[in-house]
Every structure is written in structure tokens, then in C-alpha cells.
Amino acid sequence: MAESISAQTMRNFGDLEIHTDAKMGFYSSLENDGFFNSSSGLAGFYGRYQNTISGSVSPLFHDIEINNDQGIVLQIPIAIGNNTNFVFGDFITTKYLDTNYVELLTTSFYNGESNFSKVNGFLSVSDVQKFLFPIGDETYIRPLLIDTEGVTASFKSTYLFEDGTVTYSNFLNTNSELTAISNEEYWVLEGDTSTIVTIDWNERSALKAIAKDLNTITVAGFDKEAMKWTNLGATDRTGNLGEGFISSRKFIPNQYSAITFGILKAKTGALHQGYHYLVTPNGDGINDFLYIPELEDYESNHLFIFARNGLKVFEQENYLNQFNGKTGTGISAIQRDKGLPEGVYFYLVTVGENKLPIQGFLYLER
């Protein structure tokens, strides 16, 4: 059964549930003041005008899809138990209070995230060990990756293209390891479990204006208790001053108000570790292709590689080190032989019968 709703606002005062393979399309706002708890079925939010989800009761969706040019504004939290399909448009929440958010429950996953469709606000996840937040602003997806190194925990995050040194402070003590803090953007991450975070920068991050050497870039956090920016370390750093990604050392997010890029007084090395990779297809026998050693532990896998804007550039079932910087054979490309441009890419690989996701960043260097 499929139902299409096109009234100005749909109001639910009773019990509403989407059963089995049913699909319900919302072309209007949803005001939920009753029971809305679906363990199956798809709810799609469509249209060309910005709509809202509001009410006194937070709905639980099984599968949810967004294809709305202007996005869906959340005035209450929503929870998703299975799949979130990003097609076009953003789920939008305020970024100055964490009371409204998209919550992905333990067994849920997402796909299709891009510059054109993401969470432009707070996203919450539960019982995860590694997770890539599909968050950003009106223009770009600006993901943040957490890695608790095997401990399951819950986190909430958002991204702001704003000057965090105005919101918090631009003061650095003379004895600080830092000489500068990014005044272009920052992330908010909430969680009481120690984790490593990975964030990436692009030309809009403008690190060239404050850094002269890649090896001075670090992750910085505004310490709530000390009321100052501190160095959160650089355990992995790949790229150039125009674009790249960096991983912090382990820290507890709730101790920090904001996370962004800092510049160190002295150069520091960074060990390549974890689930991030460098591909340099120059024929020297070192990093000429993407090699993910964890895949050897599983009989089956399915690999996807995406450009920054969410465009899929490579896909391979049962991947065996085929990616060498060129677009996949089943994907349209203007200059296939020349290969993909240098820069940051995101990858997702599902492994085993349970489709366990492994995801992270890779840097293609030419």
C-alpha cells in the first residue's frame, strides 16, 4: 500500500504506523502529537518547499527518504531504526541547541549523502565504535569520523561554518603549543567516551592563510574547564595545505566545546594508522593501489569510493586491490585513462554476511 499526502500540514493525533512494505509520501509538514512508531515500511519527505516535522511526540521511522529541494526542518527529534536514504535536500536543525536532532538507532545505516543531501544540524548515534557523521552546512558535507577503538558508545555532532574563536576565544597563552586557531569552521561533538576523531579540510577551510607547512596542522579543542584552546594531537595527517585529513589522539568530547584545526609552533610527525589510507599510483611499488588489510578476514565485501561531493567514483564487489586512482569501469568518466584528480575521497566497504560497515578517508596523491 502507498499513500501520498499533499495537505498543508498532516497532523497525527492517534496511532500511526507504516506496515510491512508500505510507503507513505509526505509532501507537506508533519505535526505529530500521537503514536508514530514504525518497525517496517518507508516514510518519504518530498516536494519543492521547506517543510517541518513538529509536535509533542518524536516519531520513530523504520526507513526514511528525503528528496526535498529546500529541506526538512526538525522542531522535534526524529529517530530512524533502519535506513536513511539521502537523495536531495537536508534535514535541518538548530546548531546552537542540541534538543532537536536526527537519531540513528543501533541497527541503522545511511546512504546517498552528499553536498546536496545530508544533516545540516545535529545527528545522534547510539552503540557505535566507528562512525562517519554525514553532517555539514548549506553548501558542503563536512563529515567527522569517530573511532572509540572497540568501545561501543553514543555521540552527537554538528558542523558550523563560523568563526569559533569569536564564539569561544582567540586568546593563546605564550606557553601554548599552538600559534593559530582556524577562524573558518568548527565541529561540536558530544560524548563521554574516549575517542579519536578525523576531520578533513578543503580550500574553503583556508588553512593556507595560517599554516606554512602541512606538518604543523593539528586538531584543536576548546577546553571547557581551562577555557582555552588546546592541542588534541595529530596521529594521522595526509594531504597538502589545500586539502587533506587529520586524526586526533584520544580524548573525551564532553570536555571540549568545539573542535577545529590548530597550527603548531613546531613541525610534528604523524604515524599513519587506523582506517585511513594514502594512494600514490606512480609505479614505485609503494601505495600504488588501495589496500585494506581488514578485508582479508572476511569471505565477501563490497567497496564504494566517493568524491567530496558524494559522487560515486568507484565500486567493486569482492574487492581485491583494484583501485589505483582511476574511475571504476561501470561508472561514467570523461577522462578515464587520466585518472581521478588528486585529493580527499571517502570510502565505505561492507564486509561479511552481516554487511558490517568499515568507512573512512583516503587521499589520492599524484
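The values are calculated or read from the model by the stated rules, or taken from the named source; none is laboratory data. All of these numbers come straight from a predicted model, not from anything done at the bench. FYI the Cβ positions are ideal-geometry reconstructions off the backbone, even for glycines, and counts take in every protein chain you see. Note: accessible area is taken over every heavy atom of the protein model, side chains too, but ligands, DNA and RNA are not part of it. Shrake-Rupley method; radii C 1.70, N 1.55, O 1.52, S 1.80 Å.
Remarks
- Test: residue in segment 87-95 that is among the acidic types (Asp, Glu), under 23 Å from Phe155 (Cβ atoms), touching a residue at least 24 places away in the same chain (Cβ under 8 Å) and open to solvent by less than 30 Å² (accessible area, probe 1.4 Å): yes
Rundown of residues vs (1) over 26 Å from Glu149 (Cβ atoms); (2) open to solvent by 30 Å² or more (accessible area, probe 1.4 Å), yes/no style:
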residue: Leu189; (1), (2): no, no
residue: Trp201; (1), (2): no, no
residue: Ala211; (1), (2): yes, no
residue: Thr218; (1), (2): no, no
residue: Glu225; (1), (2): no, yes
residue: Asp236; (1), (2): no, no
residue: Ser247; (1), (2): no, no
residue: Lys250; (1), (2): no, yes
residue: Pro253; (1), (2): no, no
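- Test for Ser56: is it loosely packed, with under 15 Cβ neighbours inside 10 Å, within 27 Å of the chain's Cα centre (by Cα) and of a type in the set (Gly, Ala, Ser): no
- The set of residues from segment 259-272 being touching a Ser or Thr at 6+ places or on another chain (Cβ under 7 Å), aliphatic (A, V, I, L, M) and surrounded by 19 or more Cβ atoms within 10 Å (Cβ to Cβ) comprises Ile263, Leu264.
- Hey, Thr193 crowded, with 22+ Cβ neighbours inside 10 Å, of a type in the set (Ser, Thr, Tyr) and in contact (Cβ under 8 Å) with a residue 24 or more places away in the chain or not: no
- Selection status of Val166, β-branched (Val, Ile, Thr), farther than 20 Å from Val349 by Cα and open to solvent by 30 Å² or more (accessible area, probe 1.4 Å): yes
- Long-range neighbours under 8 Å by Cβ, at least six apart or interchain, first residue among the small types (Gly, Ala, Ser) within segment 12-26, second part of a loop (DSSP other than H, G, I, E, B) and open to solvent by less than 100 Å² (accessible area, probe 1.4 Å): Gly14/Gly34; Ala22/Ser40; Ala22/Gly41
- Qualifying residue in segment 80-95 (condition: of a type in the set (Lys, Arg), in contact with a Ser or Thr (Cβ under 9 Å, 6 or more places away or on another chain) and at negative phi): yes
- Flag for Asn100 being touching a Pro at 6+ places or on another chain (Cβ under 7 Å) and polar (S, T, N, Q): yes
- Some residue of segment 123-137 being surrounded by fewer than 16 Cβ atoms within 10 Å (Cβ to Cβ) and closer than 20 Å to Gly360 by Cα: yes
- Only listed residue being open to solvent by 20 Å² or more (accessible area, probe 1.4 Å), over 30 Å from Trp229 (Cα atoms) and within 18 Å of the chain's Cα centre (by Cα), chosen from Thr106, Thr84: Thr106
- Subset of segment 85-124 (residues that are closer than 18 Å to Gly71 by Cα and charged (D, E, K, R)): Asp90, Lys95, Glu103, Glu113, Lys118
For every residue, the table says whether it meets (1) basic (Lys, Arg); (2) within 18 Å of the chain's Cα centre (by Cα); (3) at pLDDT 90 or above.
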| site | (1), (2), (3) |
| --- | --- |
| Gly233 | no, no, yes |
| Ser248 | no, yes, yes |
| Phe261 | no, yes, yes |
| Leu278 | no, no, no |
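Residue-wise test of (1) part of a loop (DSSP other than H, G, I, E, B); (2) buried (at least 19 other Cβ atoms within 10 Å of the Cβ).
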position	(1), (2)
His19	yes, no
Leu30	no, yes
Ser39	yes, no
Thr52	no, no
